[in-house]
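To start, the structure itself, in structure tokens.
The values are calculated or read from the model by the stated rules, or taken from the named source; none is laboratory data. Everything quoted here is computed from the prediction, not taken from an experiment. Here the Cβ positions follow ideal geometry from the backbone for every residue, glycine too, while neighbour counts run over all protein chains shown.
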Amino acid sequence: MSRREECDVIVIGGGSAAFDAAVSARKSGAGRIIMLEKAPEAEYGGNARYSGTGFRFTHSGAEEMRELVPDVDEEYFRSLNIPPYTREDFLADLDRMTQGCMDRTLAETLVNESNAAVHWMKDVGIRWEFLKEHAKVGGKLYFERGIAVHVAGGGVGQLEQWRAVAEGLGIEIRFNSPVSAIHGNMHRIEGVRVCAASGEYDLHARAVIACAGGFQASPEMRARYLSGNTDFAKVRGSKHDTGEVLRYLIELGALAGGQWQSGHMSPIDAAAPDFETPQHADGRGNTQSRYDYPFGISVNNLGQRFFDEGEAQHSFTYAKTGRAVLAQPGSTAFQIYDQKGIRLHRYPHHKATFEEATTIAELAGKIGLAPEVLANTVNEFNAACSDDRPFDPTRPDGRCTRGLAINKSNWAAPIDEPPFRAYPVACGITFTFGGLKVNTRAQVLNTMHEPIRGLYASGDIIGLFFHNYPSFTGQTRNAVFGRLAGRSAVEDN
Ligand SMILES: Cc1cc2nc3c(=O)[nH]c(=O)nc-3n(C[C@H](O)[C@H](O)[C@H](O)COP(=O)(O)OP(=O)(O)OC[C@H]3O[C@@H](n4cnc5c(N)ncnc54)[C@H](O)[C@@H]3O)c2cc1C
């Protein structure tokens with residue numbers, strides 16, 4: 001006879017959404033809580049381990065940020081430019097990024113609860129730092145709109161802090177514990193089957209919170225659901241996010257939400273590994289992201305530009321730019337900069353592969369492009385730039401090219417100061433947008449559009465986004481819906 005155990009709340013997963021949910025359940029009064037993490041202890045935490053841990057949330061400006069980072073050096077603090085980020089700002093950013101497709105009620109929940117969720121994290125013991133990526137002009141440091149802080153220590157730092165908080169609250173974490181089946185039906189969930197190498201067993205509870213991530217690490221599910229050449233995408237985060245829990249729940253009768261054909265895909269060093277890009281030891285995030293493209297041009301393997309590099313600040317374009325790279329011949333491209341562009345890099349600490357040369361034609365030869373074609377692309381681009389407006393790296397400056405088939409809308413400056421550099425880039429998939437449809441209490445709905453009793457979800461496993469994504473909304477979503485899930489799991493059961 002197989003083993004059977006009982007607890008009050010089961011949390012599937014060991015990433016940040018899972019910790020948010022488990023700690024929220026405990027703080028709401030749950031008794032025995034068990035987190036089931038598929039990965040071994042050395043690899044626990046899913047994408048959270050690789051995350052930059054930046055958070056986007058509504059706030060009233062610099063003084064509120066000081067509450068989150070109380071021990072900040074006063075002189076440094078005075079150099080920071082942090083305007084307020086309002087509810088209307090966040091909602092407008094979500095609406096624009098998702099092309100109006102995001103469920104408005106869930107967008108409002110995310111936005112309205114974002115500030116409280118971040119302060120709640122601080123109150124339960126999570127420490128914060130200011131972001132290190134900014135534009136420096138006239139002695140002032142400018143963050144991109146809506147973002148200013150990340151969890152201290154980055155991906156691993158956040159996980160270690162969450163683990164200490166959870167264990168301090170008596171929450172049990174079981175590693176090497178893949179969930180291999182869900183017990184229940186489309187109306188009521190009763191527990192899960194755990195397929196540990198040491199033996200299978202059933203775990204029952206009145207509430208199950210699914211936080212098992214997206215399906216980006218499964219080539220089979222990428223091929224099945226995502227359009228384009230996603231076979232050739234590199235997985236920026238955990239190899240354990242293979243989507244089986246999402247599949248079990250959909251098969252059981254859970255409703256699908258979000259855009260199943262899309263995901264967060266950003267440009268990454270073409271030499272990055274296929275899975276799990278390395279992190280900076282000091283917690284400054286991922287080392288192989290290539291986010292400085294607004295300050296140069298990007299060309300495909302034919303030597304031609306293929307998107308508007310200056311459409312908006314990178315926060316609002318990077319999550320769709322990887323897909324644009326993927327669609328190019330060979331699914332790779334090159335970011336081209338002169339020294340003016342390189343001096344503006346906000347991620348100079350990133351470990352990047354590049355070639356350098358004193359002329360564009362020589363650079364083309366080094367990266368295997370036709371020299372006359374690349375030189376022509378750069379010459380045409382340079383001729384289309386004008387200096388009718390001041391160049392301003394701190395905000396969209398409207399300094400655009402005119403007359404090109406694909407214009408650059410902001411930060412258009414001639415590529416004319418040698419030596420020139422070419423950075424080869426590929427598409428890095430971060431997480432998938434398709435997932436479970438939840439309501440404003442983080443209950444999972446069934447295909448009758450009714451809540452499935454006993455089932456809640458948070459994190460990348462929920463389907464929320466379409467087309468694109470404003471940077472740093474994933475961690476905020478985890479905190480908002482994880483907190484709601486933990487609370488609802490106790491209130492309902
Ligand atoms: C390189 C990188 C940088 C990022 N930077 C940021 C950032 O700065 N800000 C931001 O907001 N977002 C960022 N993100 C996105 C963000 O990290 C993710 O959206 C978030 O971590 C997802 O959290 P999650 O808990 O839902 O999933 P994950 O953290 O991926 O956790 C899923 C968990 O489920 C487990 N699991 C999977 N299958 C099973 C199973 N069958 N049984 C049991 N457990 C299972 C996995 O092992 C894992 O522990 C970044 C992501 C990456 C990859």
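Of note:
- Residue in the range 264-273 that is of a type in the set (S, T, Y) and assigned to a loop (DSSP other than H, G, I, E, B) present: no
- Just one of the listed residues (A383, A327) is touching a residue at least 24 places away in the same chain (Cβ under 8 Å) and outside the structural domain of P470 (by TED's automatic domain parsing), namely A327.
- Helices (runs of 4 or more DSSP H) (entirely within the range 1-92) containing at least 2 residues that are in contact (Cβ under 8 Å) with a residue 60 or more places away in the chain: 16-27, 62-68
- Near pairs, Cβ below 6 angstrom, 6+ apart or cross-chain, from the range 238-262 (under 14 Å from E220 (Cα atoms)) to any residue that is modelled with pLDDT under 95 and not in a loop (DSSP other than H, G, I, E, B): K239/F275
- Selected residue (criterion: surrounded by the most Cβ atoms within 10 Å (Cβ to Cβ)) from residues of the range 230-275 that are in contact with a strand residue (DSSP E or B) (Cβ under 7 Å, 6 or more places away or on another chain) and of a type in the set (K, R): R236
- Only one entry in H150, H183 is part of a strand (DSSP E or B) and either within 18 Å of R66 (Cα to Cα) or touching a residue at least 60 places away in the same chain (Cβ under 8 Å) (or both), namely H150.
- The range 282-340: number of residues that are of a type in the set (A, V, I, L, M) and outside any helix (DSSP H, G or I): 7
- Identification of strands (runs of 3 or more DSSP E) wholly contained in the range 361-459 with 2 or more residues that are over 29 Å from T277 (Cβ atoms) yields 443-445, 451-457.
- Residue in the range 178-192 that is closer than 18 Å to A457 by Cα, among the hydroxyl-bearing types (S, T, Y) and surrounded by fewer than 16 Cβ atoms within 10 Å (Cβ to Cβ) present: yes
- Per this entry, S60 is counted among residues that are of a type in the set (S, T, N, Q), more than 15 Å from the ligand (Cβ to nearest atom) and modelled with pLDDT of 95 or more.
- Selection within the range 197-235 - assigned to a strand (DSSP E or B) and either at pLDDT below 95 or basic (K, R) (or both): G199, K234
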